[in-house]
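To start, the structure itself, in structure tokens.
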Amino acid sequence: MADTVLYEVSDGLATITLNRPEAMNALNIATKVALREAVRSAAEDDAVRAVLLTAAGERAFCVGQDLKEHIGLLVQDRETGSGQTMSTVKEHYNPIVRALAGMPKPVVAGVNGVAAGAGFGLALAADYRIVADTAAFNTSFAGVALTADSGMSWTLPRVVGPGRAADLLLFPRSVKAQEAYEMGIANRLVPVGELRAEAEKVARALAEGPTVAYAAIKEAVAFGFSHTLSETLDKEDELQTRAGSSEDHVIAVQAFVNKEKPKYLGR
């Protein structure tokens with residue numbers, strides 16, 4: 001894995017850190033490949049019960065596509081007629097977002113600074129966003145004559161509503177942390193100096209929680225957005241049966257009866 005993405009697993013928590021602070025954690029090809037592999041590793045590892053996605057430095061979480069690399073690839077495409085530059089959506093962004101949004105364990109984004117373009121999309125693909133009070137969000141795409149990718153055409157309307165999503169996508173602007181919190185983009189706001197500690201605290205609490213139940217909650221919420229009430233009720237029945245059959249459910253009920261704090265196993 002490239003040193004532009006750091007990956008560490010400790011006590012059930014996988015921490016994935018974008019590590020190009022000198023480039024505001026922009027996504028060049030090497031970084032996208034490393035991030036894709038890190039996210040897939042976290043998704044597939046049964047020892048991982050929660051994921052923290054964050055970034056080095058305080059200026060930026062991720063400003064999206066590395067446009068310096070991108071312009072060189074565009075010129076190359078025009079010279080060769082290959083048209084390979086935009087294959088990054090299929091090869092990198094789509095697999096990353098699918099893994100983040102679809103893994104059966106909670107993902108926390110610790111947004112330490114600017115999140116723009118695909119960086120904004122990565123934050124939205126997480127289940128919970130802890131945001132530094134100095135951070136800001138920008139869709140950016142229309143500003144470089146592109147449409148949304150990294151799942152943002154699906155995630156953004158679900159977080160802020162279709163009207164606000166259209167406004168932010170058609171007229172890109174910097175959404176400061178407080179406004180992002182009011183819109184629901186940020187779940188928690190913290191001082192920038194406390195961001196990493198708070199994000200780790202929340203992610204570790206989730207890593208120690210009832211993993212099967214968290215996976216069911218995540219699946220239920222995603223399902224309910226695109227299905228009828230009747231279909232969603234059937235899905236809830238299916239998922240509740242799964243959660244109710246877990247060892248953690250028995251542990252939780254026994255702990256409640258005994259007035260103890262449950263110690264979950266994640267199964």
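What follows draws every value from the coordinates through simple rules; no lab data is involved. Keep in mind it's a predicted model, so treat the numbers as computed, not measured. Neighbour counts run over all protein chains shown; Cβ positions are idealised from the backbone, glycine included.
Things to note:
- Interchain or long-range residues, amide H under 5 Å from Asp66's placed H: Leu27, Asn28
- The count of lysine pairs in the chain with alpha-carbon distances below 21 Å, taking only pairs 8 or more places apart or on different chains, stands at 11.
- Per residue, the chain reaches -14500 deg cm²/dmol at 222 nm when only DSSP H runs of four or more residues are counted, each adding -39500 (n - 2.57).
- Equivalent ellipsoid semi-axes, the chain, via Cα gyration tensor eigenvalues times 5, rooted, Å: 33, 20, 19
- Multiplying the residue separation of Ser153 and Arg188 by 0.36 nm and removing their Cα-Cα distance gives an extension gain of 10.3 nm.
- Residue-wise HN-Hα coupling along region 217-222, computed from phi with Karplus coefficients 6.51, -1.76, 1.60 (Hz; x: Gly, Pro): 4, 4, 5, 5, 5, 5
- Look at the alpha carbon pairs under 8 Å that are at least 6 residues apart: their mean separation over the length of the chain gives a relative contact order of 17 percent.
- For q = 0.17, 0.19, 0.20 Å⁻¹, Debye-computed log10 I/I(0) when each Cα of region 27-185 counts as one equal scatterer: -1.00, -1.23, -1.34
- Helix axis angle, 195-207 relative to the chain longest principal axis, alpha carbon, degrees: 40
- In percent, rounded to a whole number, the relative contact order of region 53-123 is 61, using alpha-carbon pairs under 8 Å and six or more apart.
- Using the Cβ-Cβ distance between Leu229 and Arg78 with R0 set to 45 Å, the FRET efficiency from 1/(1 + (r/R0)^6) comes to roughly 0.35.
- Using θ = phi - 60° in the Karplus curve 6.51 cos²θ - 1.76 cosθ + 1.60, the 3J(HN,Hα) couplings for region 57-68 round to x, 10, 6, 8, 6, 5, 8, x, 3, 6, 6, 5 Hz; x is entered for Gly and Pro.
- Rg and Dmax over the alpha-carbon atoms of region 211-257 stand at 12.1, 38 Å.
- Per-residue ³J(HN,Hα) for region 28-35, Karplus 6.51 cos²θ - 1.76 cosθ + 1.60, θ = phi - 60°, Hz, x for Gly and Pro: 8, 4, 4, 5, 5, 5, 5, 5
- Distant-in-sequence amide H partners of Arg129 (H built 1.01 Å from N, under 5 Å): Ala109, Asn187, Arg188
- Residues whose amide H falls under 5 Å from that of Gly117, counting only those 5 or more places apart or on a different chain, are Asn138, Thr139, Ser140, Phe141, with hydrogens built in the peptide plane.
- Highest-MSF residue in the chain out of Ala116, Ala34, Ala55 [GNM, Cα springs under 10 Å]: Ala34
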